[in-house]
Amino acid sequence: MDGLVPPRTADITYETDEPVLYKTDGPVAWVIMNRPSFNNAQNSQMTYALDDAFQRAVNDDAIKVIVLAGEGKHFSAGHDIGTPGRDVNKTFERRLMWPDHTNKPAAEMLYTREHEVYLGMCRRWRDIPKPTIAAVQGACVAGGLMLAWICDIIVATEDAFFQDPVIRMGIPGVEYFAHAFELPPRIAKEFLLFGDRMSAERAHHFGMVNRLTTREQLNETVQEMALKLAEKPRRGLWLTKQAVNHVEELRGKRTAMDAAYHMHHFAHAQNDLATGNMLGGQDAKSMAAANKKAAGES
Ligand code: ZN
């Protein structure tokens, strides 16, 4: 009656043992996504490594500011929905108070998993008690948005773009549903309904990006800003970011996300019932091809 199923298994080939790099530069920790050959697609291996890296930076009292960056051409193409390292069916030691997902039947599997690795982890990182800066170049798509959005400050290159195209899967936005907090509601609707790319310049115009820079200047600009923050008192930095985060909570960020998360999972479940695939038959290739076509690149 407890409705468990034999744990799922999958062939997983990781291309690296280091999906996240950790470097320090003075009082600044650089947490760098390191799957450049897959445009930093986020598998669980990377998610848990990110969590380790953030924890390390939090534990180190010499670190005052944390930078989240991506190795290679793109910040992040989103969640891993099609590399050989896709590890949706793998068990990891959980960081939050959720059970294992791999032995849960039907829609409960993804519902449980995404509570941990997407919604839960992102909320946890957003509350890191040190200021965080995202250094964004190239694509920042779907799950990539979540990683940029959990940071306090976003610096983007002029050629960066932001996009959440999951409407193509019949899904109302990624799990960490911050769209209407990051953008004015009408623009958030446009962003989600069309699912098109938003240029860094437009994102900057709406306040989703703090500063624009060039690829050549990205790391330098971010390090400079981080050092400036590092001059401020540690406790002041923590309390100040908490204060603003709390204002967002008073505006309903958490409850809005909870509501959207359940719509998101209704969509995953409906996809599975209707098509036998929780992503509505889409994969990394079909999504990338459609995104390129919509952007006039093919
Ligand atoms: Zn999902």
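The values are calculated or read from the model by the stated rules, or taken from the named source; none is laboratory data. Just so we're clear, the structure is a prediction, and the values are computed from it rather than from any experiment. Heads up, the Cβs are rebuilt from the backbone with ideal geometry, glycines too, and the neighbour counts pull from every protein chain shown.
Residues are listed down the side, and each one gets a yes or a no for (1) at positive phi; (2) within 16 Å of the ligand (Cβ to nearest atom); (3) touching a residue at least 40 places away in the same chain (Cβ under 8 Å):
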{"residue": "A178", "(1), (2), (3)": "no, yes, yes"}
{"residue": "E182", "(1), (2), (3)": "no, no, no"}
{"residue": "L218", "(1), (2), (3)": "no, no, yes"}
{"residue": "E224", "(1), (2), (3)": "no, no, no"}
{"residue": "K253", "(1), (2), (3)": "no, no, yes"}
{"residue": "H264", "(1), (2), (3)": "no, yes, yes"}
{"residue": "D272", "(1), (2), (3)": "no, yes, yes"}
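Inspect the stretch 229-241 for any residue being assigned to a helix (DSSP H, G or I), under 30 Å from P172 (Cα atoms), within 16 Å of the ligand (Cβ to nearest atom) and modelled with pLDDT of 95 or more and give the result as yes or no.
Here is the first cut: in the stretch 229-241, the ones assigned to a helix (DSSP H, G or I) are 229-230, 234-241.
With under 30 Å from P172 (Cα atoms) added as a condition, the list becomes 241.
Still in the running and within 16 Å of the ligand (Cβ to nearest atom): none.
Checked against the condition, which is being assigned to a helix (DSSP H, G or I), under 30 Å from P172 (Cα atoms), within 16 Å of the ligand (Cβ to nearest atom) and modelled with pLDDT of 95 or more, the stretch 229-241 yields no hits at all.
Output the residues belonging to the stretch 243-262 that are surrounded by 13 or more Cβ atoms within 10 Å (Cβ to Cβ) and of a type outside the set (K, R).
Correct list: N245, E248, G252, A256, M257, A260, Y261.
Which condition does I128 not pass, out of (1) surrounded by fewer than 24 Cβ atoms within 10 Å (Cβ to Cβ); (2) under 14 Å from V209 (Cβ atoms); (3) in contact with a strand residue (DSSP E or B) (Cβ under 7 Å, 6 or more places away or on another chain), if it passes all the others?
(2)
List the number of the failed condition for E248; all other conditions in (1) more than 21 Å from the chain's Cα centre (by Cα); (2) part of a helix (DSSP H, G or I); (3) more than 16 Å from the ligand (Cβ to nearest atom) hold.
Condition not satisfied by E248: (1).
Whether any residue in the stretch 105-118 is away from the ligand (no atom under 16 Å from the Cβ) and in contact with an Asp or Glu (Cβ under 9 Å, 6 or more places away or on another chain) is what I want to check. First the steps, then the outcome.
Taking the stretch 105-118 first, the residues away from the ligand (no atom under 16 Å from the Cβ) are 105.
Filter once more, so that each one left must be in contact with an Asp or Glu (Cβ under 9 Å, 6 or more places away or on another chain): none.
No, the stretch 105-118 contains no residue that is away from the ligand (no atom under 16 Å from the Cβ) and in contact with an Asp or Glu (Cβ under 9 Å, 6 or more places away or on another chain).
Mind checking which strands (runs of 3 or more DSSP E) fall wholly inside the stretch 129-176 and carry at least 1 residues that are within 16 Å of the ligand (Cβ to nearest atom) and within 16 Å of L68 (Cα to Cα)? Give the steps one after another, and end with the answer.
Numbers: elements: 132-136, 139-141, 153-157, 161-163.
Where strands (runs of 3 or more DSSP E) fall fully within the stretch 129-176 and carry at least 1 residues being within 16 Å of the ligand (Cβ to nearest atom) and within 16 Å of L68 (Cα to Cα), they are 139-141.
List every residue pair whose Cβ atoms lie under 6 Å apart, where the two residues are 6 or more positions apart in sequence or sit on different chains, the first residue falls within the stretch 108-132 and is in contact (Cβ under 8 Å) with a residue 12 or more places away in the chain, and the second residue, located anywhere, is within 12 Å of the ligand (Cβ to nearest atom) and part of a helix (DSSP H, G or I).
What qualifies is L110/H268; Y111/H265; L119/Y261; C122/M146.
Any idea which residue in the stretch 50-80 is farthest from the ligand (Cβ to nearest atom), counting only those that are buried (at least 22 other Cβ atoms within 10 Å of the Cβ) and assigned to a loop (DSSP other than H, G, I, E, B)?
K64
List the number of the failed condition for S199; all other conditions in (1) free of Cβ contacts under 8 Å to residues at least 60 places away in the same chain; (2) closer than 23 Å to D127 by Cβ; (3) small (G, A, S) hold.
Among (1) free of Cβ contacts under 8 Å to residues at least 60 places away in the same chain; (2) closer than 23 Å to D127 by Cβ; (3) small (G, A, S), S199 violates only (2).
Quick one: A49 ticks every box in (1) more than 28 Å from E158 (Cβ to Cβ); (2) among the hydrophobic types (A, V, I, L, M, F, W, C); (3) at pLDDT 95 or above; (4) out of contact with any strand residue (DSSP E or B) (no Cβ under 8 Å at 6 or more places or on another chain) except a single one, so which number is it?
Tallying (1) more than 28 Å from E158 (Cβ to Cβ); (2) among the hydrophobic types (A, V, I, L, M, F, W, C); (3) at pLDDT 95 or above; (4) out of contact with any strand residue (DSSP E or B) (no Cβ under 8 Å at 6 or more places or on another chain), A49 fails exactly one: (4).
Hey, can you tell me all the residues within the stretch 274-298 that are of a type in the set (A, V, I, L, M, F, W, C), within 15 Å of the ligand (Cβ to nearest atom) and either part of a helix (DSSP H, G or I) or free of Cβ contacts under 8 Å to residues at least 60 places away in the same chain (or both)?
A284, M287
If you check T16, T47, which single one turns out to be surrounded by fewer than 22 Cβ atoms within 10 Å (Cβ to Cβ), under 22 Å from the mean Cα position of the chain (by Cα) and of a type in the set (S, T, N, Q)?
Numbers: T47 fails: surrounded by fewer than 22 Cβ atoms within 10 Å (Cβ to Cβ).
From the options T16, T47, the qualifying one is T16.
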